[in-house]
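Participant: First the structure, then my questions, so here it is.
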Amino acid sequence: MKDEVIKIEGLSKSFGANKVLDHLNLTLHRGENLVVLGKSGSGKSVLIKCIIGLIDPDRGRIRVLGKDVQTLNHLQLDHLRVKVAFLFQSNALYDSMTVRENLEFPLRRHSFQLNASEVDEMVMEALENVGLKHTVDMMPADLSGGMRKRIALARTLILKPEIILYDEPTTGLDPITSLEISQLINQIRDKYQTSSIIISHDMHCVKTVAHRIAMLIDGKCYTEGTYEELSVSDDPKIKPFFY
């Protein structure tokens with residue numbers, strides 16, 4: 001069996017009377033692209049925010065790279081987040097900073113002892129990975145939606161993470177740009193052997209990137225399988241996703 005880099009057991013989370021996650025079990029293996037597929041409001045984003053410690057679950061256990069997330073203090077959680085990158089749906093770029101400054105920010109935040117030349121080399125390598133070296137001194141407002149998504153991805157890559165969590169990476173993008181981002185996710189996985197959880201309801205993206213799909217229904221991992229396996233299912237809870 002492949003190494004488990006994330007293992008979730010019995011994860012539950014409610015907001016008031018709204019039970020979002022209900023004893024969910026899920027495993028991510030090393031080098032795998034796992035897509036979590038579900039309807040809007042099904043708890044997909046809540047799931048990955050629990051994984052990275054942005055939301056505290058009500059119960060259950062989350063182990064990431066062998067660490068029990070709920071037992072980590074703030075400093076330990078910060079160290080783990082160096083290895084686990086989060087690509088926000090909104091990109092979360094700083095509008096007042098240039099592309100260069102946006103990419104330098106995580107290096108400064110995590111107190112890496114680097115000289116100016118080393119920082120510049122890491123910034124340019126990250127931009128080269130997403131094909132946007134020429135944007136280094138531009139402002140986010142001067143970039144297209146697809147370019148901003150690539151810059152956000154470059155920022156996640158600059159710390160050389162072992163795991164990347166993608167929250168709806170193609171939302172709001174045109175079909176051609178969505179395909180480019182999906183292909184880029186695969187290229188990054190192949191180059192750096194990252195393990196990824198991709199939250200998406202864009203079925204073109206799902207088909208392009210997924211090694212395995214986990215269906216999130218009624219707060220649980222309802223079933224798992226490849227795109228090919230699930231796309232021919234007659235299950236009335238699965239079939240509508242693959243029209």
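A short reminder: the numbers here are calculations on the coordinates, not readings from a lab. Everything numeric here is computed off the predicted structure, so don't read it as measured data. Heads up, the Cβs are rebuilt from the backbone with ideal geometry, glycines too, and the neighbour counts pull from every protein chain shown.
Participant: Explain nothing, just the number: relative contact order of region 4-242, from Cα pairs under 8 Å at least 6 residues apart, as a whole percent.
Facilitator: 27 percent
Participant: Let me ask something else about it. When Ser178, Ser231, Ser144, Ser14 are ordered from fewest to most other Cβ atoms inside 10 Å of their Cβ, what list results? Intermediate values should be presented prior to the final figure.
Facilitator: Working: Ser178 21, Ser231 17, Ser144 11, Ser14 14.
Least crowded to most crowded, the residues run Ser144, Ser14, Ser231, Ser178.
Participant: Next question, about the same structure. Work the Kirkwood hydrodynamic radius out for the chain: mean of 1/r over every pair of different alpha-carbon atoms, inverted, in Å.
Facilitator: 18.6 Å
Participant: As I understand it, the value is the acute angle between the Cα axis of helix 99-109 and the longest principal axis of the Cα atoms of the chain; what does it come to in degrees, rounded to 10?
Facilitator: The angle comes out near 70 degrees.
Participant: Name the residues whose placed amide hydrogens come within less than 5 Å of the amide hydrogen of Asp22, ignoring near sequence neighbours (fewer than 5 apart) on the same chain.
Facilitator: Those qualifying (amide H under 5 Å, at least 5 residues apart or on another chain) are Lys13, Lys220.
Participant: Report the one residue of Leu143, Gly10, Ala154 whose Cα lies farthest in the direction of the positive end of the charge dipole of the chain (charges on C-beta: Lys and Arg +1, Asp and Glu -1; origin at the Cα centre).
Facilitator: The residue sitting farthest along the positive end of the dipole is Gly10.
Participant: Taking Cα atoms, how many degrees apart are the long axis of helix 175-192 and the longest axis of the chain, rounded to 10 and kept between 0 and 90?
Facilitator: Rounded to the nearest ten degrees, it is 80.
Participant: A follow-up question, please. Compute the angle between helix 116-129 and the longest alpha-carbon principal axis of the chain, please, reported from 0 to 90 degrees and rounded to the nearest 10.
Facilitator: 50 degrees
Participant: If you don't mind, another one. Summing -39500 (n - 2.57) over the DSSP H runs of n ≥ 4 in the chain and dividing by its residue number, what mean residue ellipticity at 222 nm do you reach, to the nearest 500 deg cm²/dmol? Intermediate results must be reported in sequence, preceding the final value.
Facilitator: On the way: 8 runs with 86 residues, N = 243.
Mean residue ellipticity at 222 nm (helix-derived): -10500 deg cm²/dmol.
Participant: Once you list every other residue whose beta carbon is under 9 Å from the beta carbon of Cys50, what net charge do they have if Lys and Arg are +1 and Asp and Glu are -1?
Facilitator: Charge balance in the 9 Å sphere: +1.
Participant: Find how many whole Å separate the alpha carbon centroid of region 172-243 from the alpha carbon centroid of region 47-95.
Facilitator: Each part reduced to its Cα centre gives a spacing of 22 Å.
Participant: With charges only on Cβ, +1 for K and R and -1 for D and E, what is the dipole size of the chain about its Cα centre, in debye, rounded to 20?
Facilitator: 540 debye
Participant: Leu184: net charge of surrounding residues, Cβ under 11 Å, Lys/Arg +1, Asp/Glu -1, itself excluded?
Facilitator: Neighbourhood net charge equals +2.
Participant: Now a separate question. Can you tally the net charge around Gln193? Count Lys and Arg as +1, Asp and Glu as -1, for every other residue whose Cβ sits under 9 Å from the Cβ of Gln193.
Facilitator: +1
Participant: Could you list Tyr227, Tyr94 in order of exposure, starting from the residue whose Cβ has the fewest other Cβ atoms within 10 Å?
Facilitator: Details: Tyr227 19, Tyr94 12.
The order, fewest Cβ neighbours first, is Tyr94, Tyr227.
Participant: With springs only between Cα atoms under 10 Å apart, run a GNM on the chain and tell me which of Met215, Met124, Met138 wobbles the most.
Facilitator: Comparing Met215, Met124, Met138 in a Gaussian network model of the chain, the most mobile one is Met138.
Participant: Now a separate question. Say each of Lys83 and Leu54 gets a label point 7 Å from the Cα, pointing the same way as Cα to Cβ; how far apart are those two points in nm?
Facilitator: In this crude label model, Lys83 to Leu54 measures out at 2.1 nm.
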